[in-house]
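First up is the structure itself, then whatever we jot down about it.
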Amino acid sequence: MAITQDLTVGNETKTVLKLTGPMIVGNLFQQLYNVADTIIVGRFIGPNALAAVGSSFSVMVLLNSIILGLCMGSSAVFSILYGGKKIDRLKNSFFVSFCLIGLLTLIINFLALFFIDDILISLNIPEELFIDTRTYLKIIFYGIIFTSGYNYFSAIMRSLGNTTTPLIFLIISALINIVLDIVFIVPLDMGVAGAAYATIIAQAVSAIGLAIYCFRNSPIIRLKRRHLKMNMDIIKMIGNNSILSSIQQSVMNLGILMIQGLVNSFGIPAMAAFAAVVKIESFAYLPEQEFGNGFSIFIAQNYGANKQDRIRNGIKSAIKIITIYGVLISILIILLAKPLVGIFIGPEEIEILRIGKEYLYIVATFYTLIGYLFMFYGLFRGMGKPGMSIILTIISLGTRVALAYKLSAIPSIGLKGIWWAIPIGWALADLLGFYKISRRKAKER
């Protein structure tokens with residue numbers, strides 16, 4: 001297995017697919033963490049527990065997105081320095097990033113535990129779900145450090161063009177998670193706490209295992225004393241990219257959290273249906289998100305090497321790949337909407353099934369649009385311009401949240417207004433993204 005991969009040579013389409021393929025597969029396995037929780041909880045504990053875990057998912061995603069954004073921003077810097085063959089600065093950036101991400105992880109962990117009740121109140125969690133939701137989230141919060149550790153070492157490996165190693169550790173941990181879910185919930189009858197413990201144990205395995213592998217097999221990350229310093233230039237590079245990428249990720253998921261709170265106000269059937277469709281979407285369009293993350297690494301290495309032709313060709317290839325995938329997955333999800341929602345609930349839950357199908361018929365039609373948006377996020381982050389990603393996120397989510405609250409308040413529209421607000425937000429952000437790349441092409445002529 002190659003430890004590193006030079007992304008500045010070779011056919012652009014093949015290079016992008018080879019890089020992003022393992023990341024997409026890894027993303028799918030990562031979703032098994034929460035999907036396993038959801039299916040087993042829904043089947044063996046009941047709809048209330050399903051709604052509790054589903055509501056927890058939005059909070060988990062928001063907190064994890066902050067850490068993920070820090071790691072993604074750092075990875076872009078790593079890739080730019082690696083593409084430019086600036087190895088000493090690259091190693092110093094590993095140290096600076098580790099210190100920054102480690103400190104912020106501890107702060108996030110403390111704040112999440114301290115304000116857990118306020119978080120649940122802001123989500124409009126019904127009284128009958130409050131205890132289960134709190135129990136699940138509190139345990140999950142203690143595992144944030146493992147999420148941070150895995151994403152940090154994964155960011156290093158991916159920036160060097162190695163996306164296969166993080167995939168292997170994700171597969172192992174996902175399988176552990178599923179087995180522990182079954183053991184803790186079915187024979188041991190630990191309830192939602194069992195699902196949470198299964199998740200953090202699996203995350204610990206992936207984080208510790210990947211860290212050991214990196215130090216044993218990747219000489220480039222073994223630092224010497226001269227690399228262990230807080231270089232101000234590197235701090236600025238890491239800080240700018242990491243913090244802005246983290247803001248972009250957290251703003252994106254804060255909007256999702258606000259949508260979750262709005263959905264919760266429509267009652268437990270809507271909450272349970274939303275919990276189910278979110279898991280379905282984690283398999284449907286999140287591969288596009290991981291493609292965008294991998295595309296960012298491709299762009300960053302070539303940006304560092306000043307290979308503008310490869311960047312242009314890479315954009316064209318990405319658009320083609322996303323269009324084909326988006327159309328195919330939309331058709332598949334729409335055709336299989338009923339059986340997919342039925343995976344998470346019993347056949348007697350007719351109202352939950354109806355709401356879930358309604359959501360998928362509307363939103364799944366437009367999965368190509370979210371694919372383009374993830375591509376733009378990766379493009380601008382890889383070029384060291386994460387601020388543009390924030391603007392796109394604000395446009396997308398600002399529109400989505402505003403429309404969702406306005407339309408859902410109309411009795412004749414209700415939940416459908418929330419669902420329609422989602423693709424409208426994607427479309428507006430895409431228009432700006434395409435405008436920006438067309439301007440870039442015009443300037444290069």
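What follows draws every value from the coordinates through simple rules; no lab data is involved. None of these values were measured; they are calculated from a predicted model. We place every Cβ from the backbone using ideal geometry, glycine too, and count neighbours over all the protein chains shown.
Taking Cα atoms only, the orientation of helix 386-408 departs from the longest principal axis of the chain by about 10 degrees. Using a Gaussian network model of the chain in which every pair of alpha carbons under 10 angstrom is joined by a spring, one finds that among 76, 196, 337 the greatest mean-square fluctuation is at 337. One Cα centroid belongs to region 306-358, the other to region 365-431; the line between them spans 16 Å.
For the chain, find the longest principal axis of its Cα atoms and tell me its angle to the long axis of helix 286-304, 0 to 90°, nearest 10. In the chain, helix 286-304 runs at an angle near 10 degrees to the longest axis.
A P(r) calculated from all alpha carbon pairs of region 301-445, with 5 Å bins opening at zero, reads 2, 9, 15, 17, 16, 14, 10, 7, 5, 3, 1, 0, 0 percent. The charge dipole of region 12-444, taken about its Cα centre with unit charges on the Cβ atoms of Lys, Arg (+1), Asp and Glu (-1) only, comes to about 2480 debye.
Sorting 229, 436 by the number of Cβ atoms found within 10 Å of their own Cβ, with the fewest placed first, yields 229, 436. Relative to the dominant Cα principal axis of the chain, helix 164-185 is inclined by about 20°. Within the listed set 95, 434, 146, the residue fluctuating most in the Gaussian network model of the chain (springs between alpha-carbon atoms under 10 angstrom) is 434. Among 22-29, 114-121, the peptide with the highest mean count of other Cβ atoms within 10 Å heads the list, and the full ranking is 22-29, 114-121.
With 26 Å as the limit, the listed pairs 85/224; 85/385; 224/385; 86/320; 138/416; 18/320 have 224/385; 86/320; 138/416 beyond it between alpha carbons.
Here the extension length gained between residue 86 and residue 233 equals 51.6 nm, from 0.36 nm per residue of separation less the Cα-Cα distance.
Label-point separation (nm) for residue 323 and residue 336, each offset 7 Å from Cα along Cα-to-Cβ? Output for this residue pair reads 2.5 nm. Sorted fewest first by neighbouring Cβ atoms within 10 angstrom, 127, 351 come out as 127, 351.
Which entry in [x] 1.23; [y] 1.05; [z] 0.96 matches Rg/Rh (Cα atoms, Kirkwood Rh) derived from the coordinates of this structure? Of the labelled values, this structure produces [z].
Roughly speaking, what is the centre-to-centre gap between region 41-103 and region 244-293 when only Cα atoms are used, to the nearest Å? About 16 Å separates the Cα centre of region 41-103 from the one of region 244-293. Secondary-structure-derived ellipticity at 222 nm for the chain, considering helices only, amounts to -29000 deg cm²/dmol, per-run term -39500 (n - 2.57) for DSSP H runs with n ≥ 4. If you sort the three axes of the alpha carbon gyration tensor as a ≥ b ≥ c, you get a/c of 1.5 or more for region 160-276 and a/b no higher than b/c, which makes it oblate.
Springs join every pair of Cα atoms under 10 Å in this Gaussian network model of the chain, and among 87, 140, 101 the largest mean-square fluctuation is at 87. Residue separation of residue 117 and residue 183 scaled by 0.36 nm, minus their Cα-Cα distance, works out to 20.9 nm of gained length. Contact order, relative form, for the chain: 25 percent (alpha carbon pairs under 8 Å, 6 or more residues apart, mean separation divided by residue count).
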